[in-house]
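K.L.:
Before anything else, here's the structure in question.
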Number of protein chains: 2
Amino acid sequence: MPGLFKTTERSDKGASFPLADALSSLKYNSDGLIPAIAQQHDTGEVLMMAWMNKQSLQETLETGRVCFWSRSRQKLWRKGESSGQIQRLKAIRVDCDGDTLLLSVDQTGPACHTGRKSCFYNLIKDNEILVESEPLIDPDTLYGK
Amino acid sequence: MPGLFKTTERSDKGASFPLADALSSLKYNSDGLIPAIAQQHDTGEVLMMAWMNKQSLQETLETGRVCFWSRSRQKLWRKGESSGQIQRLKAIRVDCDGDTLLLSVDQTGPACHTGRKSCFYNLIKDNEILVESEPLIDPDTLYGK
């Protein structure tokens with residue numbers, strides 16, 4: 001049902017449609033991936049952006065624990081499987097044209113592999129880039145190096 | 001300077017580096033694009049995700065008005081050029097590995113072409129997808145149809 005997100009564009013608030021139609025209308029890129037933004041549910045902080053394929057999205061919906069697709073490792077990436085810093089899913093939203101996901105999550109500890117809460121710690125400020133935050137946990141501790 | 005974001009991983013809070021080195025270390029995809037998430041600066045609401053190329057990022061930094069690259073139209077997309085609903089840039093952050101941008105913006109009216117504040121209005125809820133919000137402005141009015 002490729003037209004579902006075209007339909008919801010003009011739908012009233014409160015209208016609902018079968019999830020299966022929405023899932024089959026998602027637009028994956030040529031690698032079969034869709035970007036997924038993770039936002040901390042209570043603070044609104046944007047934690048990270050990663051990618052999902054159909055299988056990782058399905059697993060995330062079934063288990064309530066966020067699972068991405070790792071492009072570097074070319075395998076499912078159950079967030080926190082190495083570090084213990086998992087993401088519990090609170091809600092998923094799909095954008096107007098069905099090609100981006102917004103995950104509302106409860107992040108255990110840091111989302112970032114550097115040990116920082118969020119991956120977005122490099123601030124462009126005037127003619128410099130400024131490191132804005134410290135790690136919550138030393139990454140050597142997180143990954144047991 | 002491809003290693004700058006590797007350097008900032010281990011940098012202390014407050015460390016700063018030349019912007020030019022950061023910009024030349026950004027990782028664009030094979031189409032020369034980098035994803036850019038736009039977040040309303042005061043409410044934390046995630047409004048949309050779109051793409052930038054080098055030129056649109058440069059223009060955004062220079063003018064303080066957000067400019068994306070439109071993949072469908074294959075041209076610069078000065079957000080609001082048709083609808084009048086522009087995005088003023090408050091801050092830009094780069095993620096840990098330099099392949100995603102987070103824009104803190106002040107959005108005039110709706111960010112979404114459907115007239116809704118945010119593009120993420122399709123909520124996955126149980127076995128359905130639920131339309132969560134109404135347009136602020138009728139899209140026919142926005143685009144003068």
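K.L.:
Between A:Ala15 and A:Thr141, what length in nm is gained on full extension when 0.36 nm per residue of separation is reduced by their alpha carbon distance?
P.N.:
Fully extending the segment from A:Ala15 to A:Thr141 adds 40.6 nm.
K.L.:
Taking A:Arg88 in one copy and the same position in all the others, each labelled 7 Å out along Cα→Cβ, what are the pairwise distances from the first, in nm, shortest first?
P.N.:
Going from nearest to farthest copy, the values are 3.9 nm.
K.L.:
Rounded to the nearest Å, what's the spacing between the alpha carbon centres of the stretch A:126-144 and the stretch B:110-125? Just the number, please.
P.N.:
After rounding, the separation between the Cα centres reads 33 Å.
K.L.:
Give me the inter-chain shielding for A:10-22: mean count of other chain Cβ atoms within 10 Å, whole number please.
P.N.:
5
K.L.:
Of the heavy-atom accessible surface of the protein assembly as shown (probe 1.4 angstrom), what whole percent is carbon and sulfur?
P.N.:
Answer for the protein assembly as shown: carbon and sulfur cover 47 percent of the accessible area.
K.L.:
Still on this structure, I have one more. Please report which chain A residue places its beta carbon nearest the axis carrying chain A onto chain B, with the distance rounded to a whole angstrom.
P.N.:
So the closest residue, with its distance, comes out as A:Gly44, 1.
K.L.:
Inter-copy label distances at A:Lys13, 7 Å along the Cα→beta-carbon direction, one decimal in nm, shortest first?
P.N.:
3.8
K.L.:
If you don't mind, there's one more thing I want to ask. How many nm separate the modelled label positions at A:Glu81 and B:Tyr28, each set 7 Å beyond the Cα in the direction of the Cβ?
P.N.:
My value for the distance between the label points is 3.3 nm.
K.L.:
Using a label point 7 Å beyond Cα on the Cα-Cβ vector, give me the inter-copy distances for B:Asp138 in nanometres, one decimal, shortest first.
P.N.:
6.4
K.L.:
On to the next question. Check each of the trypsin sites (Lys or Arg not before Pro) in the stretch A:29-76 and keep only those in coil by DSSP with at most 15 other C-beta atoms within 10 angstrom; list them in order.
P.N.:
Loop-located and lightly packed - A:Arg71, A:Arg73.
K.L.:
If the cut-off is 24 Å between C-alpha atoms, which lysines fall inside it for A:Lys13, apart from same-chain ones fewer than 8 positions away?
P.N.:
In chain and number order, the partners are A:Lys27, A:Lys90, B:Lys117, B:Lys125, B:Lys145.
K.L.:
Based on the Kirkwood radius over alpha-carbon pairs, what is the Stokes-Einstein translational diffusion coefficient of chain B at 37 °C with 0.692 mPa s viscosity, in µm²/s?
P.N.:
Result for D is 198 µm²/s.
K.L.:
Output the Cα-based Rg and Dmax of the protein assembly as shown in Å, rounding Rg to one decimal and Dmax to a whole number.
P.N.:
18.6, 60
K.L.:
Hey, another quick one. Translational diffusion coefficient of the stretch B:1-51 at 10 °C, 1.306 mPa s, Stokes-Einstein with Kirkwood Rh over Cα pairs, in µm²/s as a whole number.
P.N.:
It diffuses with D of about 121 µm²/s by this estimate.
K.L.:
Let me ask something else about it. To the nearest 100 Å², how much accessible surface do chains B and A hide from each other in total, with a 1.4 Å probe?
P.N.:
4800
K.L.:
Ignoring ligands and nucleic acids, what accessible area does B:Leu142 show with a 1.4 Å probe (Å², nearest 10)?
P.N.:
20
K.L.:
I've got another one for you. In the stretch A:1-114, what percentage of the DSSP-assigned beta bridges are antiparallel, given to the nearest 5?
P.N.:
Counting DSSP beta bridges with both partners in the stretch A:1-114, the antiparallel share is about 80 percent.
K.L.:
Measuring with a 1.4 Å probe in the full set of protein chains, what accessible area per residue, in whole Å², belongs to the protein assembly as shown?
P.N.:
Accessible area per residue: 46 Å².
K.L.:
Can you find, among B:Ser118, B:Leu102, B:Gln85, the residue farthest towards the positive end of the dipole of the stretch B:79-145? Put +1 on the C-beta of Lys and Arg, -1 on that of Asp and Glu.
P.N.:
B:Gln85
K.L.:
Please go through the stretch A:76-145 and write out the GluC sites (Glu not before Pro) that DSSP classes as loop and that have at most 13 other C-beta atoms within 10 Å.
P.N.:
In loop regions of the stretch A:76-145 (DSSP not H, G, I, E or B), the sparsely surrounded GluC sites (Glu not before Pro) are A:Glu81.
The values are calculated or read from the model by the stated rules, or taken from the named source; none is laboratory data. Since we're looking at a predicted model, the values are computed, not measured. Every residue, glycine as well, gets a Cβ built from its backbone with ideal geometry; the counts of neighbours run over all protein chains shown. These area figures cover heavy atoms from the full protein model, side chains too; ligands, DNA and RNA do not enter into them. Shrake-Rupley method; radii C 1.70, N 1.55, O 1.52, S 1.80 Å.
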